[in-house]
Amino acid sequence: MTLMSELKIGTCSWKYPSWSGLVYSAPKGIDYLAEYAQKYDSVEIDQWFWSLFEGRSVKLPDIETVRNYKAAVPDSFKFTVKIPNSITLTHYYTKSKAGPLRTNPHFLSVDLFNEFISTLKPLEEMLGSMMFQFEYLNHQKMQSNQEFFNLFENFAKKLPVGFRYAVELRNANYLTDEYFEFLRRNKLDHVFLQGYWMPDISTIYHKGRDAFLECEQVVIRLHGGDRKEIEEKAKQQWNKIVEPRDKELLSVTNMIKDLLNNEVDVYLNINNHYEGSAPLTIDRIRALLAV
């Protein structure tokens, strides 16, 4: 199979001792990222997403950690990064769904985003997709999809150039023709999320295919179904396929082939919770793609 564009396959996070023998030489006492980068050419950084804590200041990346990540990987390696939730949450998390909402003063803050980007300076040439992940936005948090599009569009116009920005939504009813036009207009990429009660990504893809083929790149994140259920099956040992998704993988690989053959780059990020072992799922996908 001849690929006209670039496919980067990696996992969602990387420090899993149970990958010893699959990815790592030992379960501990190693540089996980350095060994990971010998096998894969990209990874998703999830840890910087968790940045908003009530009663505390916003937590941004430690510059020494950023430098260590750069030193651990080759120059061709790419990081896809989840933008801190201090920027993407409309309100602080509540312990109870019935509890009162407290507005997040940093929601879509350009100043905070610029501060975040400045901490990533050592990785600048290695940044793949910068992903804005939004939670399910009920009417208490966002009155309509149009309100969201307007707010994010105003925010996007002020973002620094030179990066690829992608949007992950968890409201299925937001994925309309209006959303696809919003992506086109703002030169934004889409994050396809398989899981979290979202529609099957192949269905979404075919619905908005024309818009997605105008993107420079897209991100596909395979997360799977009920996290608690698969954690019980795997027993926190992420070295076996415990919930095979053969039919879905065929749909995903066909979608990837179509994107690549239409000159759209693809980042494929796979979570252990998808089938039970992200490295083994990657092996299965590579076999289907014959790459």
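The residues of segment 20-38 that are out of contact with any strand residue (DSSP E or B) (no Cβ under 9 Å at 6 or more places or on another chain) and within 26 Å of residue 256 (Cα to Cα), listed by number, are 22, 38. For segment 33-57, the set of residues classified as open to solvent by 40 Å² or more (accessible area, probe 1.4 Å) and in contact with a helix residue (DSSP H, G or I) (Cβ under 7 Å, 6 or more places away or on another chain) consists of 50 only. Checked against the criterion of being without any contact (Cβ under 8 Å) to a residue 60 or more places away in the chain, among the small types (Gly, Ala, Ser) and within 20 Å of residue 22 (Cα to Cα), the candidates 278, 287, 211 yield just one match: 287. Is it the case that some residue within segment 139-160 is within 21 Å of residue 210 (Cβ to Cβ), outside any helix (DSSP H, G or I) and open to solvent by 10 Å² or more (accessible area, probe 1.4 Å)? No, the conditions are met nowhere in segment 139-160. Looking only at residues in segment 77-126 that are open to solvent by 20 Å² or more (accessible area, probe 1.4 Å) and aliphatic (A, V, I, L, M), the one that is nearest to residue 193 (Cα to Cα) is 108. Across segment 121-152, which residue is farthest from residue 188 (Cα to Cα) among those that are in contact with a helix residue (DSSP H, G or I) (Cβ under 6 Å, 6 or more places away or on another chain) and not polar (S, T, N, Q)? Step by step, filter segment 121-152, then rank; the result is 122.
Within segment 18-29, the residues that satisfy the criterion of being open to solvent by less than 40 Å² (accessible area, probe 1.4 Å) and either part of a helix (DSSP H, G or I) or closer than 24 Å to residue 286 by Cβ (or both) are 18, 19, 23, 24.
Within segment 1-54, the residues that satisfy the criterion of being closer than 29 Å to residue 116 by Cα and of a type in the set (A, V, I, L, M) are 7, 9, 30, 33, 34, 37, 43, 45, 52. In summary, residue 287 fulfils each of the numbered conditions (1) among the small types (Gly, Ala, Ser); (2) open to solvent by 20 Å² or more (accessible area, probe 1.4 Å); (3) modelled with pLDDT under 95 with the single exception of condition (3).
The values are calculated or read from the model by the stated rules, or taken from the named source; none is laboratory data. Note that the structure is a prediction, hence the values are computed from the model and not measured. Counting neighbours? That spans all protein chains shown, and the Cβs are built from the backbone with ideal geometry, glycine included. Accessible surface areas use protein heavy atoms only, side chains included; no ligands, DNA or RNA. Shrake-Rupley method; radii C 1.70, N 1.55, O 1.52, S 1.80 Å.
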